[in-house]
Amino acid sequence: MDTLATPPERTGRGRRRTGPVLAVVLLVVVVGGLVMGSAVGGADTGIFDGDPPRWASTFGAALCLLGLGVEIVAIVWAVRTGRYRANRRQSPLTTLSWSRRRRLGRQVRRGTPEPGEDPALLVETARQAIAQRWFVLVIAGLAMTGAGQAFLGFAPFHVVIGGLLVVIWAVLIVLVLRAARQGEAFLRAHPDLGGR
């Protein structure tokens, strides 16, 4: 078997797992730019009000517009493909308590259903985790918009808040993509549950 035919970063059906890599790259570029920008141009600014250099205001405006564009495209795409409506349909999980849903999610993440567990609820939990993958686009758009606003404000307060928000959104992207992969792995490992 030729090991070069399938690189290690590829998953089933030839798809690449680029989500976590993109999140880390976005995080490094934006936080690095914020730190560099505040070090270079933040010497004569107040804690809340800043006078950004021309490059920072241009970059911030471009990031805001790009982020807003990504959010709009993601929402229009989700509505047109039916993913938005699929997430709004009545699910049997909505009637369950929060602790019960957490227990179901834990079983799906670990790939080990407990004895006597309702297979339909486990399958629905896994399918919802997979279906929520499209939220990554909206989150990435929010991260870009927040980072752009930090560049536009260019004061230490805005830089710190923008950097924290970008970190939170990057972690959220990784968690959503990981939950989707775990849901797929659960359904692959337990194909017998779907037929019950």
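The values are calculated or read from the model by the stated rules, or taken from the named source; none is laboratory data. Bear in mind the structure is a predicted one, so any value in this text is a computation, not a measurement. Neighbour counts are summed over all protein chains in view; Cβ atoms, including those assigned to glycine, are modelled from backbone coordinates with ideal geometry.
General remarks:
- For the criterion of being small (Gly, Ala, Ser), within 23 Å of Trp55 (Cβ to Cβ) and more than 12 Å from the chain's Cα centre (by Cα), Ala126 fails.
- Condition met for Arg83 (without any contact (Cβ under 8 Å) to a residue 60 or more places away in the chain and more than 17 Å from Leu187 (Cα to Cα)): yes
- Total residues in the range 50-108, condition among the basic types (Lys, Arg) and modelled with pLDDT under 85: 5
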